[in-house]
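Visitor: Provided herewith is a single structure, encoded as structure tokens, for subsequent inquiry.
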Amino acid sequence: MQLPKVRICILCEDMRSEVGHKVSLMGVFGALPDVEILMKDLTIPIAKLTFVLLLHEGEGDFRLSSSIKTPDGRTLSPVSQQTLTIPKGKRVNLAVMVPNFIANEAGTFTFTLNADKEKIYESSFKISPAS
């Protein structure tokens, strides 16, 4: 079994599936690590953060888990845990949704994705106060 690799991770507000194996992304912040989210009030939750990852080169069944670390290194509760099957030779779009994300502080946050407890992706995004 070969672990999947992440080709790109896009951070947006939401994703929905469309006809013809397409997806629509709403409220795109950008591709990690080149993302800065400006917030007027860091204590007000973002209704939903969605990490859209394009996985490739993997094959088999994987237990995925993800987490977010705060700027001071605290790990927030695991964002998600799910099982994913990647057929041989196929690419897979994976959406990790974080409802009601509260930053509480400005700085650089780190998103990590694990497959079968092995880190396969880690990148960061910034949250800054809006002026």
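The numbers here are math on the coordinates, done by the rules we state, and not lab data. What you are looking at is a predicted structure, and each value in this text was computed from that prediction instead of being measured. Note that we place each Cβ from the backbone using ideal geometry, even for glycine, and neighbour counts take in every protein chain shown.
Visitor: Could you rank the peptides 6-16, 45-55 by their average count of other C-beta atoms within 10 Å per residue, with the highest value first?
Guide: Numbers: 6-16: 17.5, 45-55: 19.2.
By packing density, highest mean first, the sequence is 45-55, 6-16.
Visitor: Work out, step by step, the length gained on full extension between K48 and K88: first 0.36 nm times the residue separation, then minus their alpha carbon distance; give nm to one decimal. Mind dumping the intermediate values first?
Guide: Numbers: separation 40, 0.36 × 40 = 14.40 nm, distance 3.17 nm.
Difference between extended and current length: 11.2 nm.
Visitor: Using only C-alpha atoms and all pairs of different ones, pull out the Kirkwood radius for segment 1-46 in Å with one decimal. Before the final figure, lay out the partial values.
Guide: Numbers: mean 1/r = 0.0761 Å⁻¹.
Across segment 1-46, the inverse of the average 1/r is 13.1 Å.
Visitor: Can you tally the lysine pairs in the chain where the Cα-Cα distance is under 23 Å and the two residues are eight or more apart, or on different chains?
Guide: Summing the qualifying lysine pairs gives 21.
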